[in-house]
Amino acid sequence: MSLKVEQLPRNHNSLTESYEIVRRFVSEPTELREYKRDHRGNMFLMKDETDNPTGAYKWRGSAVKLNRLFGNELSGVVTASAGNHGQGVAWVASKMGGSAEVFVPEGTPQSKLDGLGRLGAKIHLIGSNFDEATEIARRYAASHDQPFIHPFDDYDIMDGQGTIGQELVEQFREQSLHHDDLVVFVPVGGGGLIGGVSRSIKELTDGRVKVVGVQVEGSDSAAVSFGVSTSARQMHYEGFSRIYSSTSRPGQDGSYCRIQATRPNEEVDGTRVNLVGDYCARSINQYVDEFLVVSPRLIGQFYRENPNSTLEPAGALSLVGAEAYSNLPRASLLYLVSIGSGKNQDPRRIQNLIKGP
């Protein structure tokens, strides 16, 4: 019989415990720094999640999940990944004395495959997309009596990613940034990062800091699902495909929906997900204020204007969203906070974005 991975109820203590687990692996919070101001006086800041052995933030969720699941007795785990989650699981597993088998879809960037290899993962390159790789990995884990770790649709994973939000709230205090003037932009694929970050920020600031999800056109499952579930107003401005601004929350019965992505974007591979996670959607609908859907053209523009950027397209997505958001008509000045979520670049994909359709 395979080990069942239970989903436990979340409470405020889970935030504290998650933070303590994460600090065992990386002792200091990642940096929050200003990177520019615009002519209107808006300040742009980025939380850099790339300065670690995996090059991305996903080790956080892996650390919390594996510690809660195994304690100090980890042997082997199975997961599916577009690359960064697999590296996170492999790194944490190796630090805990265990190993990881990672199922990745065909077409995964070589940089991410190389990273998995460096971290000691056993790689299974299989399936034409993430969903196929995930289903194959689930069956493999069950037949080998090993736990399957989902890359985003898991409350423990979300709690781990949510430690970014905890660090941000403390850094806002240290830098004297007023909660009511802050907007945090979060890149979204399956929803694990925003599900965790939005919860921790909202609970630790009494809901005063605005949280905005950013998706790229095509890979829009979370945004569209949010729009329908919360009866969001859909607006159109230059630079955006759509903006969903919540006007209500799901009823007390917790009703919500999940809608398939229009056509997942191949070039922004880190957010190439067909369907937002079930647990993720519940958290998103409860805590997130708005969603932006941006054109891949804006991501290409970002690389033309920042040719030395080390961020991968999904890692730059929230910066692109913040830049476009700053051009919306509004009276007050803002602190626009983005999460630089990964640096495992595929040069071919970046060149395709720069060239455009």
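Derivation of every value follows stated rules applied to the coordinates shown; laboratory data play no part. Bear in mind the structure is a predicted one, so any value in this text is a computation, not a measurement. Positions of Cβ are backbone-derived with ideal geometry, glycine not excepted, and every protein chain shown enters the neighbour counts.
How high is the FRET efficiency between R118 and R233 when r is their beta carbon distance and R₀ equals 41 Å, given to the nearest 0.05? Let's see the in-between values first.
On the way: r = 46 Å, r/R0 = 1.12.
The pair R118/R233 has a calculated efficiency of 0.35.
What value, in deg cm²/dmol to 500, does the helix sum -39500 (n - 2.57) over DSSP H runs of n ≥ 4 give at 222 nm once divided by the residues of the chain? Display every interim value, and only then the final one.
Numbers: 13 runs with 144 residues, N = 357.
Helices in the chain give a 222 nm mean residue ellipticity of -12000 deg cm²/dmol.
Relative to the present Cα-Cα distance, how much length would full extension add between S111 and S143 at 0.36 nm per residue of separation?
Numbers: separation 32, 0.36 × 32 = 11.52 nm, distance 2.99 nm.
Fully extending the segment from S111 to S143 adds 8.5 nm.
Cut-off is 10 Å between beta-carbons; in what order do R138, R40 appear when sorted fewest neighbours first?
In order of increasing Cβ crowding within 10 Å: R40, R138.
Quick one: grab the alpha carbon gyration tensor of segment 128-241, order the square roots of its eigenvalues as a ≥ b ≥ c, and give me rounded if a/c is under 1.5, else prolate or oblate depending on whether a/b is larger than b/c.
Working: a/c = 2.83, a/b = 1.43, b/c = 1.97.
It is oblate, given that a/c is not under 1.5 and a/b is not larger than b/c.
So for the pair S99, K36, with labels modelled 7 Å out along Cα→Cβ, what separation do we get in nm?
4.7 nm
Given the options N72, N84, N308, which has the most mean-square fluctuation in a GNM of the chain, springs set between C-alpha atoms less than 10 angstrom apart?
N308
Run the dipole for the chain about the Cα centre, Lys and Arg Cβ at +1, Asp and Glu Cβ at -1, nothing else charged, and hand back the magnitude in debye, nearest 20. Please report the intermediate quantities before stating the final value.
Working: 38 positive and 43 negative charges, 65 e Å.
The dipole magnitude comes to about 320 debye.
Pop the C-beta distance of Q286 and E170 into the FRET formula with R0 = 22 Å and round what comes out to the nearest 0.05.
On the way: r = 23 Å, r/R0 = 1.02.
With R0 = 22 Å, the Cβ-Cβ based efficiency is 0.45.
State which entries of K202/K355; K122/K343; K95/K355; K65/K343; K122/K202; K36/K95 exceed 30 angstrom in Cα-Cα distance in the structure shown. Kindly include the intermediate steps, with their values, before the conclusion.
Working: K202/K355 39 Å; K122/K343 22 Å; K95/K355 41 Å; K65/K343 23 Å; K122/K202 38 Å; K36/K95 37 Å.
Beyond 30 Å: K202/K355; K95/K355; K122/K202; K36/K95.
For the chain, set up a Gaussian network in which alpha carbons nearer than 10 Å are linked by springs, and say which option among R199, R282, R208 fluctuates the most.
Taking springs between Cα atoms under 10 Å, the residue moving most is R208.
Listing Y325, Y244, Y19 from the residue with the fewest other Cβ atoms within 10 Å to the one with the most, what is the order? Intermediate values should be presented prior to the final figure.
Numbers: Y325 24, Y244 28, Y19 20.
The order, fewest Cβ neighbours first, is Y19, Y325, Y244.
For the chain, modelled as a Gaussian network with Cα springs under 10 Å, which listed residue fluctuates most, P307, P53, P296?
It is P307.
Could you compute the FRET efficiency for S27 and Q260, with r as their C-beta to C-beta distance and R0 at 51 Å, rounded to 0.05?
Numbers: r = 41 Å, r/R0 = 0.81.
Result of the calculation: an efficiency of 0.80.
Compactness ratio of segment 59-155: Cα Rg over 2.2 N^0.38 Å, N = residue count? Intermediate results must be reported in sequence, preceding the final value.
Numbers: Rg = 12.0 Å, N = 97, 2.2 N^0.38 = 12.5 Å.
That ratio works out to 0.96.
Before anything else, pin down the relative contact order of the chain: Cα pairs under 8 Å, at least 6 apart, normalised by residue count, whole percent.
Numbers: 812 pairs, mean separation 68.7, N = 357.
Rounded, it is 19 percent for the chain.
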